[in-house]
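The values are calculated or read from the model by the stated rules, or taken from the named source; none is laboratory data. Because the structure is a prediction, the values reported are computed rather than measured. Backbone-built Cβ (ideal geometry, glycine too); neighbour counts: all protein chains shown.
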Number of protein chains: 2
Amino acid sequence: MAATGTVVALSGGIGGAKLALGLSRKLPPGCLTVVANVGDDFSHLGLHVSPDIDTLVYTLAGLADPQQGWGRAGETWSFMSALAGLGGPAWFRLGDGDLAMHVMRTHRLAQGVPLSQVTAEMCASLRIATRILPASDDPVRTRVKTDQGWLDFQDWFVGHRAALTVRELAFAGAEQARPLPAVLEALAAPDLRAVVICPSNPLISIEPILVVPGMREALAACRAPVVAVSPLIGGRAVKGPTAAMMTDLGGVATAAGVAARYRDLLDGYVIDEADRAMVNELDVPAIATRTLMLTLADRERLAEAVLAYAGRLRETMR
Amino acid sequence: MAATGTVVALSGGIGGAKLALGLSRKLPPGCLTVVANVGDDFSHLGLHVSPDIDTLVYTLAGLADPQQGWGRAGETWSFMSALAGLGGPAWFRLGDGDLAMHVMRTHRLAQGVPLSQVTAEMCASLRIATRILPASDDPVRTRVKTDQGWLDFQDWFVGHRAALTVRELAFAGAEQARPLPAVLEALAAPDLRAVVICPSNPLISIEPILVVPGMREALAACRAPVVAVSPLIGGRAVKGPTAAMMTDLGGVATAAGVAARYRDLLDGYVIDEADRAMVNELDVPAIATRTLMLTLADRERLAEAVLAYAGRLRETMR
């Protein structure tokens, strides 16, 4: 990694955060900007919860629960237990330590501080060298159409355990949302060496970033290679509803199906070694490598492979 | 206790809650109404905290920490620890379980539900048979003038550990506050057998109740005897800043000094056996009995003594 320059990663929660962590460890401090999905954000008990930002923060601060990939390691649950005694809602579980993030964020937002600044303050307090930027400071809320009607994302995902067939997705507020200026600046930076679309759900983690007006244009215009990493391995997601959701919405639950969603944006694509046969069938340049990230070494190795591949693509783009 | 009828108790936090618990156990379910001080209420990190209501709720629900008298037994502190990591304020400690109360209350208030109804909902969930009523649904906020200027009550009490000399007290919002109709109804109830002013700080626990317009008049007009229990024993408070505060404000830190504050309202007064010599020096009928409430039996015994005394006073008032 003799190359210098900055990298922008687009990420949802768990899978994306793993690669973001790998990238952060393979780049000089301050060289990585992660654009986070805010489509999963919601208000619960009056608290503003940003699940993907939280997962990124915990992962990059080394505070994440290593087993489940989200939430804090060593979390306690006294709040939920007391809340149950008060007849409060139990469907969305808020850990005691995790609440600090939601309470602080809600408090600062109520003071008129934008989400991006609140997030920056948290990252500074936790000494996270990576910049985590919400795609927008304006609300973009993923909505899911099911046979029971339109549901808020968390209602579908957590409340119904992602079990209802998805008929359609919508992103409320997207049309009015303004892309975060810092995101556009990062994508236009002269020293940008790569844009990485992390192995996140393309429909509900990456799409709510891309639908923010101006975002696709900024990605298309940027001079660095845009490289996506497939979240599907052999047609299956490591975790979460990606595969079923893609099929439900008339797509193909394969690495190729994911690439089809990004096609106009991609300069290169990284798929799992299990899908190696697919490399030459894709409409986009691709490489196959191990993408499963079980250990920290896995995350660093994949980050290294993605950066090296972007470097090779950059050579051919000149 | 053959007598039937209802009882209204005026209470602040710890000491008052102890007697309220005793009363609740000596009266048939549903016969006790506790009017709670809201002068200590404040907004912290955007959460509405009602310390005295919380102490009453925990005490009457059997959830209170038996050592410190406030907060929940078996509390955990992950929130505060995580909050510190985020650079959040540490001066007011919010327990993990305790947060459930603040988050639920804040959420319901933001939905436009008045504090009295929120409190009633909590009491119902926790199966508390006693009615806990805030003195008012409108804000009444105790302010403390010190040599450093005017401070919010919690800033003085917790932030400065009640160490700054009190020059003056004020109750912001009191003039505009409306007494809770249910409190006035309880005080005018035909079956009212006693009003008990609990052994709380007269200046910052009971006064913010009495300053609500109409409250003193309702107490003066009620046909049942009004009996106060002194919070001072031998010139000392069991807990808290009562004695120092009374001296600071030019009063006398004795049971007599407390009675002077209530004089126009009292039909009878209960002082500690340690102050027995004072019984005949008071301007108000009084009895002396053990008022220190270390055990549950102490609370029940004092409650019984107060109710019996009120019964005797009721006879003489006829």
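Please enumerate the residues belonging to the stretch A:22-53 that are aliphatic (A, V, I, L, M), closer than 16 Å to residue A:128 by Cα and either at pLDDT below 95 or surrounded by fewer than 24 Cβ atoms within 10 Å (Cβ to Cβ) (or both).
If we filter the stretch A:22-53 for residues that are aliphatic (A, V, I, L, M), which is where we start, we get A:23, A:27, A:32, A:34-36, A:38, A:45, A:47, A:49, A:53.
Narrowing the set further to residues that are closer than 16 Å to residue A:128 by Cα leaves A:23, A:27, A:32, A:34-36, A:53.
Scanning the stretch A:22-53 gives a single hit, A:27.
Only one residue in B:166, B:195, B:158 is of a type in the set (A, V, I, L, M, F, W, C), surrounded by 15 or more Cβ atoms within 10 Å (Cβ to Cβ) and under 22 Å from residue B:60 (Cβ atoms), so which one is that?
Testing whether each residue is of a type in the set (A, V, I, L, M, F, W, C), surrounded by 15 or more Cβ atoms within 10 Å (Cβ to Cβ) and under 22 Å from residue B:60 (Cβ atoms) leaves just B:195.
Please specify each residue of the stretch A:1-28 satisfying the condition of being in a loop (DSSP other than H, G, I, E, B) and polar (S, T, N, Q). Break it down into steps so the answer makes sense when it comes.
Step one: filter the stretch A:1-28 for residues in a loop (DSSP other than H, G, I, E, B), giving A:1-5, A:12-13, A:27-28.
Once the filter is applied, which keeps residues that are in a loop (DSSP other than H, G, I, E, B) and polar (S, T, N, Q), the stretch A:1-28 yields only A:4.
Examine the stretch B:113-128 for a residue that is within 12 Å of chain A (Cβ to nearest Cβ) and at positive phi, and state whether such a residue exists.
Looking through the stretch B:113-128, at least one residue is within 12 Å of chain A (Cβ to nearest Cβ) and at positive phi.
So which pairs qualify, if the first residue must be in the stretch B:69-95 and more than 10 Å from chain A (Cβ to nearest Cβ), the second must be in a loop (DSSP other than H, G, I, E, B), the Cβ gap must be under 6 Å, and the two must be at least 6 apart or on different chains?
From the stretch B:69-95, the pairs are B:71/B:65; B:71/B:95; B:73/B:65.
Could you say which residue among A:212, A:183 is surrounded by 21 or more Cβ atoms within 10 Å (Cβ to Cβ) and over 22 Å from residue A:246 (Cβ atoms)? Walk me through it before giving the result.
Details: A:212 fails: over 22 Å from residue A:246 (Cβ atoms).
After applying the criteria, what remains is A:183.
How many of the residues making up the stretch B:180-209 are free of Cβ contacts under 8 Å to residues at least 60 places away in the same chain and within 23 Å of residue B:118 (Cα to Cα)?
Result for the stretch B:180-209: 3.
For the stretch B:128-142, name all the residues that are out of contact with any helix residue (DSSP H, G or I) (no Cβ under 6 Å at 6 or more places or on another chain) and within 15 Å of residue B:50 (Cα to Cα).
Here is the first cut: in the stretch B:128-142, the ones out of contact with any helix residue (DSSP H, G or I) (no Cβ under 6 Å at 6 or more places or on another chain) are B:129, B:131, B:136, B:138-139, B:141.
Across the stretch B:128-142, the qualifying residues are B:136, B:138, B:139, B:141.
Condition check: buried (at least 23 other Cβ atoms within 10 Å of the Cβ), modelled with pLDDT under 95 and either charged (D, E, K, R) or under 29 Å from residue B:69 (Cα atoms) (or both). Does residue B:242 satisfy that?
On the way: buried (at least 23 other Cβ atoms within 10 Å of the Cβ): yes; modelled with pLDDT under 95: yes; either charged (D, E, K, R) or under 29 Å from residue B:69 (Cα atoms) (or both): yes.
Taking the combined requirement at face value, the residue satisfies it.
Only one of these is under 26 Å from residue B:24 (Cβ atoms), among the hydroxyl-bearing types (Ser, Thr, Tyr) and touching a Lys or Arg at 6+ places or on another chain (Cβ under 8 Å): B:125, B:136, B:200. Name it. First the steps, then the outcome.
On the way: B:125 fails: touching a Lys or Arg at 6+ places or on another chain (Cβ under 8 Å); B:200 fails: touching a Lys or Arg at 6+ places or on another chain (Cβ under 8 Å).
Within the list B:125, B:136, B:200, the selection yields B:136.
Answer with yes or no whether residue A:294 is closer than 19 Å to residue A:23 by Cα and surrounded by fewer than 18 Cβ atoms within 10 Å (Cβ to Cβ).
yes
This table checks each residue for (1) within 20 Å of residue B:43 (Cβ to Cβ); (2) away from chain A (no Cβ under 12 Å); (3) surrounded by 21 or more Cβ atoms within 10 Å (Cβ to Cβ).
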site	(1), (2), (3)
B:103	yes, no, yes
B:106	yes, no, yes
B:111	yes, no, no
B:132	no, yes, yes
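Please count how many residues of the stretch A:260-283 are crowded, with 17+ Cβ neighbours inside 10 Å, outside any helix (DSSP H, G or I) and either of a type in the set (Lys, Arg) or more than 18 Å from the chain's Cα centre (by Cα) (or both).
4
Identify, from the list B:194, B:237, B:256, the residue that is farther than 25 Å from residue B:51 by Cβ and under 17 Å from the mean Cα position of the chain (by Cα).
Working: B:237 fails: farther than 25 Å from residue B:51 by Cβ; B:256 fails: under 17 Å from the mean Cα position of the chain (by Cα).
It is B:194.
Residue check: is residue A:106 touching a helix residue (DSSP H, G or I) at 6+ places or on another chain (Cβ under 6 Å), among the polar types (S, T, N, Q) and touching a residue at least 24 places away in the same chain (Cβ under 8 Å)? Before the answer, list the steps.
On the way: touching a helix residue (DSSP H, G or I) at 6+ places or on another chain (Cβ under 6 Å): no; among the polar types (S, T, N, Q): yes; touching a residue at least 24 places away in the same chain (Cβ under 8 Å): yes.
It is false that residue A:106 is touching a helix residue (DSSP H, G or I) at 6+ places or on another chain (Cβ under 6 Å), among the polar types (S, T, N, Q) and touching a residue at least 24 places away in the same chain (Cβ under 8 Å).
Filter the stretch A:298-313 down to residues that are among the charged types (D, E, K, R) and closer than 14 Å to residue A:286 by Cα, then give me how many there are. Even if it seems obvious, please write down each step before you answer.
Here is the first cut: in the stretch A:298-313, the ones among the charged types (D, E, K, R) are A:298-301, A:304, A:312.
Narrowing further to those that are closer than 14 Å to residue A:286 by Cα: A:312.
Of the residues in that region, 1 qualify.
Just wondering, is there one or more residues in the stretch A:141-152 that are of a type in the set (Asp, Glu) and more than 12 Å from chain B (Cβ to nearest Cβ)? Don't jump to the end; show me each part of the working.
Initially, the stretch A:141-152 is screened for residues of a type in the set (Asp, Glu), giving A:147, A:152.
When the remaining residues are screened for being more than 12 Å from chain B (Cβ to nearest Cβ), the result is A:147, A:152.
Within the stretch A:141-152 (the criterion being of a type in the set (Asp, Glu) and more than 12 Å from chain B (Cβ to nearest Cβ)), the answer is yes, since at least one residue qualifies.
As an exercise: evaluate residue A:306 against (1) outside any helix (DSSP H, G or I); (2) in contact (Cβ under 8 Å) with a residue 60 or more places away in the chain and give the number of the one condition it does not meet.
Status for residue A:306: all satisfied but (1).
Scan the stretch A:17-28 and report the pairs whose first residue is farther than 21 Å from residue A:68 by Cα and whose second residue is hydroxyl-bearing (Ser, Thr, Tyr) and surrounded by fewer than 24 Cβ atoms within 10 Å (Cβ to Cβ), with Cβ atoms within less than 6 Å and a gap of 6+ or a chain change.
Cβ pairs passing all conditions: none.
Does residue B:57 satisfy the criteria of being buried (at least 22 other Cβ atoms within 10 Å of the Cβ), within 13 Å of chain A (Cβ to nearest Cβ), touching a Gly at 6+ places or on another chain (Cβ under 9 Å) and of a type in the set (Val, Ile, Thr)?
On the way: buried (at least 22 other Cβ atoms within 10 Å of the Cβ): yes; within 13 Å of chain A (Cβ to nearest Cβ): yes; touching a Gly at 6+ places or on another chain (Cβ under 9 Å): no; of a type in the set (Val, Ile, Thr): yes.
For residue B:57, the condition - buried (at least 22 other Cβ atoms within 10 Å of the Cβ), within 13 Å of chain A (Cβ to nearest Cβ), touching a Gly at 6+ places or on another chain (Cβ under 9 Å) and of a type in the set (Val, Ile, Thr) - is not met.
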